[in-house]
Amino acid sequence: MFNKVILAGNLARDIEIRYLQSGTAVASTAIAVNRKFKSQSGEMKDETMFIDITFWGRTAEIANQYLRKGSQVLVEGRLTLEQWTATDGSKRSKHTIAVETLQMLGGKEASQGNNNSSYSAPSATTAQPAPQEQPQSIPEIDINDDEIPF
């Protein structure tokens with residue numbers, strides 16, 4: 001089977017990052033993607049979709065450091081189904097995208113004519129950890145110039 005999603009759009013909200021007990025970073029946000037089409041009456045319509053996305057590991061830390069609401073990104077990942085029980089006891093679920101590759105678009109790099117930047121997570125960081133792990137406090141992120149993906 002094949003499960004691959006590629007989306008280009010703008011972040012709909014700032015990134016929320018947390019750390020699991022294992023030390024793995026998990027960041028979540030949403031991406032807004034647009035579709036323009038011609039209706040049956042012939043007028044042009046614009047449809048916007050908001051899709052939840054999740055970054056894992058080093059990709060989550062980089063996204064948290066460099067991206068904000070409105071940032072243009074291209075993400076590549078897989079469709080996942082999150083399931084939980086709400087406080088009223090009802091079963092809930094939603095689809096999200098587990099991001100495996102992040103490419104930052106736009107910004108001052110694009111206006112200066114430089115290449116866009118991208119970051120691919122190592123395959124070990126894309127696996128989702130056990131759901132029973134609890135978030136911890138956010139440690140200071142120390143990134144060397146050699147580690148910056150652009």
Residues of segment 85-101 classified as surrounded by 10 or more Cβ atoms within 10 Å (Cβ to Cβ) and either under 21 Å from residue 60 (Cβ atoms) or of a type in the set (Val, Ile, Thr) (or both), total = 8
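Table: residues versus (1) modelled with pLDDT of 90 or more; (2) among the β-branched types (Val, Ile, Thr); (3) closer than 24 Å to residue 3 by Cα.
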position	(1), (2), (3)
61	yes, no, no
65	yes, no, no
70	yes, no, no
76	yes, no, yes
87	yes, yes, no
97	yes, yes, yes
102	yes, no, yes
Since residue 57 meets every condition but one in (1) loosely packed, with under 10 Cβ neighbours inside 10 Å; (2) in contact with a helix residue (DSSP H, G or I) (Cβ under 6 Å, 6 or more places away or on another chain), which condition does it not meet?
-> (1)
Return the only residue of 35, 58 being touching an Asp or Glu at 6+ places or on another chain (Cβ under 9 Å), of a type in the set (D, E, K, R) and in contact (Cβ under 8 Å) with a residue 60 or more places away in the chain.
-> 58
Expected single match for more than 25 Å from residue 2 (Cβ to Cβ) and loosely packed, with under 12 Cβ neighbours inside 10 Å among 48, 24 is 48
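The values are calculated or read from the model by the stated rules, or taken from the named source; none is laboratory data. The structure presented is a predicted model; accordingly, all values stated were derived computationally and were not measured. Positions of Cβ are generated from backbone atoms using ideal geometry, with glycine treated the same way; all protein chains shown enter the neighbour counts.
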